[in-house]
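The next block holds one structure in the form of structure tokens; read it before the comments.
The values are calculated or read from the model by the stated rules, or taken from the named source; none is laboratory data. What you see is a predicted model; the values in this text were computed from it and never measured. When we count neighbours, we look across all protein chains shown, and the Cβ atoms used for this are built from the backbone with ideal geometry, even at glycine. Surface accessibility is based on the protein's heavy atoms, side chains included, excluding ligands, DNA and RNA. Shrake-Rupley method; radii C 1.70, N 1.55, O 1.52, S 1.80 Å.
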Amino acid sequence: MNRRDFLITTSAATLFPRIALASAPMELVAQPVTAQILPEGEPATPMLGFNGGTPGPVLRARQGDAFDIRFLNQSGEGSAVHWHGLRIDNAMDGVPGMTQEVVEAGDGFEYRFRAPDAGTFWYHSHNRSWEQVAKGLYGPLIVEEPTPPDVDHDLIIMIDDWRMTEDGTLADGFENMHDQAHQGRLGNFARALVEPVTQVRHGDRLRLRLINVATDRIFPVELEGVEGKVVALDGMPLVTPQEMSGLILAPAQRADIIADVTSATSASFVFPTRDGPYLLGEIPVEGANTTRQPSEISVLTPNEIASPDMDNAVSLTLTMEGGAMSRRMMQGMMGGDIWAFNGQSGLTDTPLHSFERGKTARIRLVNDTRFPHGIHLHGHHFFEVGADGNLGALRDTTLVDADETRDIVCVFGNPGRWLLHCHMLGHQAAGMKTWVEVA
Ligand code: C2O
Ligand code: CU
């Protein structure tokens, strides 16, 4: 098997998790599982998962509903669950050593929270995440709008890659220093896991919820056989829907698309690469919808977000440094010292900044490295500031290219201690993380 070659199969439906209604109390059990990552007929892969599979169950609830999740850790390793993108109580954020103790093997933890925002989110292990997420400890979390948009199908698509060996096991070396100093752990296998669906017809209107759950790989995604718009990013509705072309998902980023099926045979998810396009997955199309009338793609109802007070905003700079081929090599290049923010690798006792609750901050993200980074802030969404200086999309993870500078604006309204880190999890493992406090 050539490491650079993806072997693509579209029979991934068996991997797709079952739906659990999260509004009722439920158990979420982390445990060893096997999954058919390689094509049928090839060996299954020993991994970690939730409730018997990887990805874990689809957690679905209505906006404002209470989640009551009893996490049981049968994985054999310490773990904890983070609810990525949910603006919830700090104590429920799932970060060992910061918001809770690590949940030791055999122990449990009760996560209770209300989801304030409707949208597409996900959950994943936040202990040794570069290894536990790579092994499969993640799943989708969907919060439905009180009035969902008018579509024929609402489908989750999780995009992942895995580094496989020929005998079907995951390659080890989760802390490989060469990977960490470059783009992270990139897989030799990639797939879009498409939620199984009964008959999709030509002319149907689809809502597609794309989630990049890969530890380190950035996926540009092209959609074929459908025509539509991106209506939300990282769970937050866009004021003006965007074109689908040029869609790029950094690790942890999501995009909601509303699109009409224009093909009579299939709708497909394509990963354009230097070696040509790779089919990540597809939805078969059969028959025609003859009743749906053509209509504009509607804007989703915005979630409630405090408006920033730009006149009194605090200004901060966060400079990404380190990694291979950097102008400024980090001292030593050992363990947690490969990457840094503002010259500091890893977490310190004092936060990068302590914000008074409700304070607006404008943070300049300066990428002084040779690699792109997807920077994620816990517990909040922030505005990306566009090239024109205007506030753009609300996100929880922003992709900053090598040598690029991007400003973000955030109202720090959620009290607690919040991580701010690169979501290329190999970079996070190697020091690219800090934290802020909202008091
Ligand atoms: Cu997706 Cu720190 O998390
Ligand atoms: Cu990074």
ask   = Averaged per residue, what accessible surface does the range 69-157 expose to a 1.4 Å probe, in Å²?
value = 32 Å²
ask   = To the nearest 0.05, what FRET efficiency results for Asp107 and Arg370 with a Förster distance of 51 Å applied to their C-beta separation?
value = 0.80
inquiry  = Given Cβ point charges of +1 (Lys, Arg) and -1 (Asp, Glu) and nothing else, what value in debye, to the nearest 20, does the dipole of the range 85-162 about its Cα centre take?
reply    = 260 debye
note = Scan of the chain for GluC sites (Glu not before Pro) in DSSP loops with at most 10 other beta-carbon atoms within 10 Å gives a longest site-free stretch of 167-295
The chain: relative contact order as a whole-number percent, Cα under 8 Å and 6+ apart = 14 percent
inquiry  = Given a 1.4 angstrom probe, I'd like the percentage of the accessible area of the range 70-179 that is carbon and sulfur, rounded to a whole number.
reply    = 43 percent
The range 207-274, accessible area per residue, ligands and nucleic acids excluded (1.4 Å, Å²) = 31 Å²
remark   = Distance in nm between Glu356 and Glu224 label points, each 7 Å along Cα→Cβ, equals 5.7 nm
Å³ per residue enclosed by the Cα convex hull of the range 312-439 = 94 Å³
message = Taking R0 as 35 Å, what FRET efficiency do you get between Thr165 and Ala288 from their Cβ-Cβ distance, rounded to the nearest 0.05?
response = 0.20
inquiry  = Distances longer than 38 Å among the Cα atoms of the chain: what percent of all pairs is that?
reply    = 17 percent
note = Output ordering of 154-162, 111-119 (per-residue mean of other Cβ within 10 Å, highest first) is 154-162, 111-119
inquiry  = Multiplying the sequence separation of Ile19 and Asp401 by 0.36 nm and subtracting their Cα-Cα distance, what value in nm do you get?
reply    = 133.9 nm
message = At a 10 angstrom cut-off on C-beta neighbours, averaged per residue, how do the peptides 190-201, 45-56 rank from highest to lowest?
response = 45-56, 190-201
request  = Take every Cα pair under 8 Å in the range 77-231 that's 6+ residues apart, average their separations, divide by the length, and report that relative contact order as a whole percent.
outcome  = 21 percent
key: Calculated FRET value between Gln63 and Asn390, using beta carbons and R₀ = 22 Å, to 0.05   = 0.20
Percent of alpha-carbon pairs separated by more than 18 Å within the range 26-111 = 49 percent
request  = Give, in nm to one decimal, the length gained when the segment between Thr348 and Met26 is fully stretched (0.36 nm per residue of separation minus the Cα-Cα distance).
outcome  = 112.4 nm
inquiry  = I need the fraction of alpha carbon pairs in the range 138-211 separated by more than 17 Å, rounded to a whole percent.
reply    = 62 percent
query = Along the Cα-to-C-beta direction of Arg70, a point sits 7 Å from the Cα; which residues of the range 100-125 have their amide N less than 16 Å from that point?
reply = 106-113
inquiry  = Quick query: amide H of Val33 versus all other amide H atoms, modeled in the peptide plane; which residues come in under 5 Å with a sequence gap of 5 or more or a different chain?
reply    = Met47, Leu48, Gly49
remark   = Residue-ordered couplings for the range 73-90, obtained by feeding phi - 60° into the Karplus form 6.51 cos²θ - 1.76 cosθ + 1.60 and rounding to whole Hz (Gly and Pro as x), are 9, 9, 6, x, 9, x, 7, 5, 10, 9, 9, 5, x, 7, 8, 10, 4, 3
³J(HN,Hα) computed for each position of the range 384-390 - Karplus, 6.51 cos²θ - 1.76 cosθ + 1.60, integer Hz, glycine/proline x = 7, 8, x, 4, 7, x, 8
Separation in nanometres of the label points that stand 7 Å from Cα toward Cβ, at Thr301 and Arg274 = 4.7 nm
ask   = What shape does the range 150-270 have by the C-alpha gyration tensor, where a ≥ b ≥ c are the square roots of the eigenvalues, rounded means a/c under 1.5, and otherwise prolate means a/b greater than b/c and oblate the rest?
value = prolate
ask   = How much of the DSSP beta bridge set in the chain is antiparallel, as a percent to the nearest 5?
value = 75 percent
task = Can you tell me the order of 386-397, 207-218 when each peptide is scored by its average per-residue count of other Cβ atoms within 10 angstrom, highest first?
result = 207-218, 386-397
